[in-house]
């Protein structure tokens, strides 16, 4: 057991090569946490408040009726104790303020614990609106940061490397495993810029690039996701290359896509591929001496125990779920259920960014009328609508309602359920829900009739835009849901 003792000692020992790295990452993470919390603060009541689209208190009642007290374990959240609108908003607001303090340098371990608990609670309360990969990436990054603040040990650094590897490599594997012909045919980017959930103006220009450039982009995507992630575990020159390639990839995505803070967080995770000496060349010595985690020191035995348990859960869960998803092997049900325990706590996830590519874009236009003859349109803040309106830049904000509308047109039952509830709230004129929109054409009294029109949208080209001034062109498909579902 001597080798095991030596390995554990090394794993828990603070690595002096990552003191400055840790300080910088914690500040960036604080900023991303702040973005996530404040972004939710202006939406949470309309999404899951008492008068929102999917009120959490009703969901909690159903979950408790079905599972009893075990519902608390299956869906850990502070909102079991109080799910009022004041509580939902307060958690977002306090989380944002504490995150800002972390970003400004007030780094305390208990604050990082609180931020993780707050965001985990919100992801559970947010139901389908907060069930996205960036939410879980932020959760796991925040969880690991709790231990990073005490001491940037070798084990914590490895877990950050493992997180970045999973995010990148599994995204590439998912594209291959999906069997999507647009990825295997290297023409996915012929569609991506036009069909992504919330394109911005850079997407329009990227869509105009020659097909050869799009094919080169797909090749670079596969290289950055299937080859480069292995560089993370190789000697320093390879890690620096991995950081550089991943940075370029994320910047290209930001320039052509609205994906909230996930690209910023991915860039932040790349910091752990560097060492302090790499930052010392650009950061003054005075800042270097000041830039140390507030509670830097040796880990207590209890912290070591929790970290060891968490590391085991993260590796076991992520490997198990990856084997189950991407391999032909079928694992025992008990093994899968054990792996899902970590997921309940927001850690040990697998990631699969854009495993399939949509080849067409459908947009829904919601209209209301008092007489069934004259119709007025509800305008969303960010999703495409007016064909003369330039696609809007959203990063780093995450407008959950606008984003989720994109998932409705395939007409999957779970998406139609929340959409039907959304339409019901519009029929009621619920202020919390209509406040999520840019324009409510019925501010005083809800309409007597509602309808949803489905359109096929395409970007214009340079010639068409010069002639019409429009960024989009569209064709009416009919009244939703009596239209062909979008596929995939």
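Structure data summary
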read-out: Residues located in segment 424-437, provided they are assigned to a helix (DSSP H, G or I) and surrounded by fewer than 17 Cβ atoms within 10 Å (Cβ to Cβ); value: 424, 427, 428, 431
read-out: Tabulated pairs, segment 371-395, first free of Cβ contacts under 8 Å to residues at least 60 places away in the same chain, second in a loop (DSSP other than H, G, I, E, B) and buried (at least 18 other Cβ atoms within 10 Å of the Cβ), C-beta under 7 angstrom, 6+ apart or interchain; value: 381/399
read-out: Matching residues, segment 406-418, being out of contact with any helix residue (DSSP H, G or I) (no Cβ under 6 Å at 6 or more places or on another chain) and surrounded by 20 or more Cβ atoms within 10 Å (Cβ to Cβ); value: 406, 409
read-out: Unique match (being at pLDDT 95 or above and over 24 Å from the mean Cα position of the chain (by Cα)) among 234, 269; value: 234
read-out: Test: residue in segment 472-487 that is in a strand (DSSP E or B), within 19 Å of residue 422 (Cα to Cα) and either in the same structural domain as residue 198 (by TED's automatic domain parsing) or modelled with pLDDT of 95 or more (or both); value: yes
read-out: Where a residue in segment 352-366 is surrounded by fewer than 18 Cβ atoms within 10 Å (Cβ to Cβ) and its partner, wherever it lies, is in a strand (DSSP E or B), with Cβ under 9 Å and at least six apart; value: 360/456; 360/457; 360/458
read-out: Residues of segment 1-53 satisfying the condition of being assigned to a loop (DSSP other than H, G, I, E, B), buried (at least 17 other Cβ atoms within 10 Å of the Cβ) and at pLDDT below 75; value: 15
read-out: Answer from 284, 293 - the residue that is in the same structural domain as residue 179 (by TED's automatic domain parsing), closer than 23 Å to residue 157 by Cβ and modelled with pLDDT under 90; value: 293
read-out: Segment 475-488 - residue that is within 29 Å of the chain's Cα centre (by Cα) and surrounded by 15 or more Cβ atoms within 10 Å (Cβ to Cβ) and, of those, farthest from residue 426 (Cα to Cα); value: 486
read-out: Residue 111 being closer than 30 Å to residue 280 by Cα, within 25 Å of the chain's Cα centre (by Cα) and either in the same structural domain as residue 135 (by TED's automatic domain parsing) or at pLDDT 95 or above (or both); value: yes
read-out: Any hit, segment 329-341, residues being over 16 Å from residue 406 (Cβ atoms) and in contact (Cβ under 8 Å) with a residue 60 or more places away in the chain; value: no
read-out: Qualifying residue in segment 267-278 (condition: without any contact (Cβ under 8 Å) to a residue 12 or more places away in the chain and under 29 Å from residue 187 (Cβ atoms)); value: no
read-out: Residue satisfying condition, being free of Cβ contacts under 8 Å to residues at least 24 places away in the same chain and over 16 Å from residue 127 (Cβ atoms), within set 84, 90; value: 90
read-out: Single residue of 116, 158 found to be surrounded by fewer than 22 Cβ atoms within 10 Å (Cβ to Cβ) and in a helix (DSSP H, G or I); value: 158
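Yes or no, residue by residue, for (1) within 26 Å of residue 309 (Cβ to Cβ); (2) surrounded by fewer than 22 Cβ atoms within 10 Å (Cβ to Cβ); (3) not assigned by TED's automatic domain parsing to the domain that holds residue 60:
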position	(1), (2), (3)
81	yes, yes, no
86	no, yes, no
91	no, no, no
94	no, yes, no
103	no, yes, no
124	yes, no, no
147	yes, no, no
163	yes, no, no
172	no, no, no
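The values are calculated or read from the model by the stated rules, or taken from the named source; none is laboratory data. The structure presented is a predicted model; accordingly, all values stated were derived computationally and were not measured. For neighbour counting, all protein chains shown are included, and Cβ atoms are generated from backbone atoms with ideal geometry for every residue, glycine included.
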